[in-house]
Structures are given as structure tokens and as C-alpha cells.
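Asker: This structure is in C-alpha cells; I'll ask about it shortly.
The values are calculated or read from the model by the stated rules, or taken from the named source; none is laboratory data. For clarity, every value in this text was computed on a predicted model and none was experimentally measured. Please note: Cβ atoms are built from the backbone with ideal geometry, for glycine as well, and neighbour counts cover all protein chains shown. Only protein heavy atoms, including side chains, enter the accessible area calculation; ligands, DNA and RNA are left aside. Shrake-Rupley method; radii C 1.70, N 1.55, O 1.52, S 1.80 Å.
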Amino acid sequence: MGSRVVAALLRRGKDQASALLMPRLPRSAPVSAPPRVGSTSSCGSGGGGCLLPPRPGPAGAFFSASRFASFHAFRSFAPKTLFGQCTRKMSTSAAALNSTVANGAANSGLKLLVTKGPQAQKAVGIWLFGCAAWVFSLVILGGITRLTRSGLSMTEWKFTGEIPPMSDDAWQLEFEKYKQSPEYKRVNKGMSLEDFKFIYWMEYAHRMWGRALGFLFAGPFAYFIAKGYVTRQLGFRLSALFALGGAQGLIGWWMVKSGLEEPTSEYVQPRVSPYRLATHLTSAFAIYCGILWTALSVVMPDPPTGSMNWVNGAAKIRKLAIPVSAVVGITAISGAFVAGNDAGHAYNSFPKMGDTWIPEDVFSMEPFVCNFFENTSTVQLNHRILATATLLSVSGLWLAARKIDMHPAVKSLIGSTFGMAALQVTLGISTLLMYVPTSLGSAHQAGALTLLSLMILLTHTLRRPSPTLLKSLATGVKST
């Protein structure tokens, strides 16, 4: 259901964005009715294109232009038939349309992030969604790397990357470096070379997948700037995301380096600092959410509306969705401390933690605040409480949406979010009870990012429409 909702919202957003790009005609200007679809004067020789009849009323020209722009934006998907011939005959009018984009956007009060018309908007949107998907896969790969205890297999880091061992001697050299690490001495002592190769390739793949993202982002970004597609606002935003992505590599090595140091106690297993792991994961989430939000803003400059009642309903839900999104984000970050402290391997029971509801040592550390980030019992208890709060808050949002009149697509999206929240809690409990297997652990992390994605999409869809779209809706209400 989620994918269908996203597709429906994006199609709706494309239609509305195209409508807002068109300059509005004066009320006094006469509007001639274009020929109907299928007429010989429309699609035959000398026809001016295949247009739908405008809506009656003073906003008729506005909605007719919206249909024309949306029709042209997706003409590449049309079959090579009479329908395709109609789209080719519209190319001259489309060129004129693109030349009025800037003026139309200025008149509408809508700040577009991409210039040069619908085709440029579509190209930039596809690129950004592709980058977001790449970051999503990178986060999941990082989770698998951690769950397989592969993150400390490479004891060196170079900003430009490194060539993997290609000979037996090279492999043996890397293995000897790993043997000097605390993890080998205390956890993997006696590991074979073949087992070392597995964890080495996992960490190497994670690093190179991140570097590949840099090329995937930088190349098209430079191209779109050269073509003049990117506005200054979008350029600054994407430059900040690119810089954060570059810093993410440094943060990753900063995290790994903490796991290569000797633990303070001989009874403690070597592992990375939970603070650095949380910083690394939070930074990855920030990059992902930033790219996803920007991609949605490019392809859907205005949210779906339909009527003033739906707009007012969305405003009411927006007041609830924003704090719920904050709860979802905090819960996801708390999961990083669970991973950093290996808290998932303690208290593998539910709903109680062992034989009690609250362990006795939840506040045993000094200073007191350290319990929330370093105490295994407290960290897992916090995550349980936050996960329950997330499910309850999303459930409340879903129940509230059922009583409010708003766009059906938004209601469907809220229903999908509620279903994902329930699934995520189920995955979390299953992961805990089965002692954190790699498959369930990575699925749980993917579920957290999916739930966060749905909340980002929901919050973006509930934005307040542009002044021109609101005025058009108000005009339509008066005309009826």
C-alpha cells in the first residue's frame, strides 16, 4: 500500500506544481474553449494539440494550464500511437510554457527548487530519490556489518580509499594487522584466514559503497548546475548534504578507531564507543531525511489538496504529526545506543526484563546521566519505553485522522504508517527474543528507517499549500 500511496502523491504533486507554474489570466480576459479530445481539428493536420476542456468558472484557464503542463511532463511514457502523435504536436507549445515558468512561479508565490520546466524537475527528482535509496541501502549494509562483527576488521583508513588484498601475501599482511587488535585477542583468537576474509570484505564493501555514493551525488549535481536546473536555494541545500556526506566518512573512522583501543577492563569486550556509533547513525539518518525531503519538495512543490475542508483537516493533523515524527526519530536514535552497548543481548524476554519489570541496576552508574547512555539495563529499558510510546502515538494519530475530513491519500498514508509501526514493534520483540540474529536485526533497522521515511512523507504531505493554490480553492468554493 505504501508504494501506491507514494506514487499517487507524486502524480498529484506533479499536476499541482505544473498548474502553479502557469501565469494566471486576468479575470476580464476572455477564455476560448479548446477543442475536445478526439476531434479532427485537434489531432489532425493543422491542429493545435489534444487538450481537455477547461473547468467552468473564473479559474478555468488555470486548471486547463495545469492539465496541459502535467500532460507534457509525462509525454515520454505515452505509446507510439495517435496519442503519442498528439504529444509531439504539443512540443512548440511546451517550449513556450517553459519560457514562462519563472514568471508563473513568481506570480503564484511558490518558490520552486528546479528551473527549466517539468522535464528538469523530473530528472532532478529521479536523481535525488535514487540517492536516498542508495543511502537507505548503505545504512542497512552498515547494520549487517556491525551485526556480523566485521566493522573492526580493517585497522587502517584512507580518505581516497584502498585497494583490497590481491595475493596471499597481501592477505596475510592484513591478517597480521588484525591480530594486533583487541578484538582478535579477546573475541576472535584462533580465527582462520578464510573467516577473516569474510569480515574484511563486509567492511570493505561498506566503505566503498559509501564512496560510490559520493560519485553518484557529485556527478549529476555538477551536471544539473551546469544546465541551470538548480536554484540557489537548492544548491546551498544540496551542498550542505554533500559536505555532511563527506564528513560521514571521517565520523565512521572516528567510530571504528574507538573499537581498536584497549578496553578499560579485562572483562569488557572490545567495541566501538556508543556515543560515536550514535553520532554515525544519526548523521546517516540526517543525510537520508534531508535528501528524501528535498526530493519530495522538487517533485511535489505543493501538497495534495482538493478542497478547503481537506486543507483545514490537514492543518489539524499536522499539529499531531510533527511531535509524532520527533518521537519516531528519538526512538531510532536510542536504538543506536542499544547497538553500541550490545544491550540486545541482555534481558532476552518480553514484556518483563528477566524476572522483573525494571532491573535493580538501572541507576547504578555515576554520574547519574551516564546510565541513559552506557548502562545496558537502562538503555534497553529506555528503548522499550520509547518503542511503546511510538506505537501509541502513531495509533493516536491514526484514530484522530479517522474523524477528520481530509484527502483520501493522506488518510491512506497514515494507515500505512500505523501498520509499519506495528510491524516494527513486532520485529523488535522478535529480534530480542531470538537473541539478535543478523537477519532480524538488519530487518529491524530497515523497519526503523522505513517508518521514519513514512513520517517524513506524511509531514511533507501535510504542509500548508501555497497562497495561489489556496486562493484557487477559495475561488472554486465561491463559484459553486
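Asker: For region 384-480, how big is Rg over Rh, using alpha carbon atoms and the Kirkwood form of Rh?
Answerer: Details: Rg = 18.0 Å, Rh = 15.5 Å.
So for region 384-480, dividing Rg by the Kirkwood Rh gives 1.16.
Asker: Of all accessible surface on region 111-301 at a 1.4 Å probe, what whole percent is carbon and sulfur? Present the calculation step by step, with values, prior to reporting the outcome.
Answerer: On the way: 5960 of 9280 Å².
About 64 percent, which is the carbon plus sulfur part of the accessible surface.
Asker: Counting Lys and Arg as +1 and Asp and Glu as -1, what is the net charge of the other residues whose Cβ lies under 12 Å from the Cβ of Lys411?
Answerer: On the way: positive: Arg402, Lys403; negative: Asp405.
Summing Lys and Arg as +1 and Asp and Glu as -1 gives +1.
Asker: For the pairs Lys319/Lys411; Lys122/Lys316; Lys316/Lys403; Lys411/Lys471; Lys116/Lys227; Lys158/Lys185, flag any whose C-alpha to C-alpha distance is greater than 20 Å.
Answerer: Working: Lys319/Lys411 15 Å; Lys122/Lys316 31 Å; Lys316/Lys403 11 Å; Lys411/Lys471 24 Å; Lys116/Lys227 9 Å; Lys158/Lys185 25 Å.
Violating the 20 Å Cα-Cα cut-off are Lys122/Lys316; Lys411/Lys471; Lys158/Lys185.
Asker: What is the percent carbon and sulfur in the accessible area of region 371-479, measuring with a 1.4 Å probe over the protein chains and ignoring ligands? Write out the running numbers ahead of the final one.
Answerer: On the way: 3100 of 4440 Å².
Of the solvent-accessible surface of region 371-479, carbon and sulfur hold 70 percent.
Asker: Separate question: Just the Cα atoms of region 304-479: what Rg and Dmax do they give in Å?
Answerer: According to the Cα coordinates of region 304-479, Rg and Dmax are 20.0, 69 Å.
Asker: Taking the Cα centre of region 304-479 as origin and charging only Cβ (+1 Lys, Arg; -1 Asp, Glu), how large is the dipole, in debye to the nearest 20? Walk me through the numbers on the way to the answer.
Answerer: Working: 12 positive and 7 negative charges, 298 e Å.
Computed about the Cα centre, the dipole is about 1420 debye.
Asker: Excluding Ile429 itself, calculate the net charge of residues whose Cβ lies under 15 Å from the Cβ of Ile429, where each Lys or Arg counts +1 and each Asp or Glu counts -1. Display every interim value, and only then the final one.
Answerer: Working: positive: Lys352, Arg384; negative: none.
Once all neighbours under 15 Å are counted, the net charge is +2.
Asker: Taking 0.36 nm per residue of separation and subtracting the Cα-Cα distance, what length does fully extending Met308 through Ile333 add?
Answerer: Numbers: separation 25, 0.36 × 25 = 9.00 nm, distance 3.73 nm.
Extra length from Met308 to Ile333 when fully extended: 5.3 nm.
Asker: Sorted by mean Cβ packing within 10 Å, highest first, what order do the peptides 114-125, 162-173, 256-267 take? Let's see the in-between values first.
Answerer: On the way: 114-125: 20.8, 162-173: 11.3, 256-267: 13.3.
Per-residue Cβ counts within 10 Å, averaged per peptide and sorted highest first, yield 114-125, 256-267, 162-173.
Asker: Sorted by mean Cβ packing within 10 Å, highest first, what order do the peptides 341-352, 372-383, 390-401 take? Mind dumping the intermediate values first?
Answerer: Working: 341-352: 15.3, 372-383: 20.6, 390-401: 18.1.
For the peptides 341-352, 372-383, 390-401, the packing ranking is 372-383, 390-401, 341-352.
Asker: Tell me, what ³J(HN,Hα) does each residue in region 268-283 have, in order and in whole Hz, if you take phi through Karplus 6.51 cos²θ - 1.76 cosθ + 1.60 with θ = phi - 60° and put x for Gly and Pro?
Answerer: Each residue's phi maps through the Karplus curve to give 9, 6, x, 7, 6, 5, x, 5, 6, 5, 5, 5, 5, 6, 4, 4 Hz.
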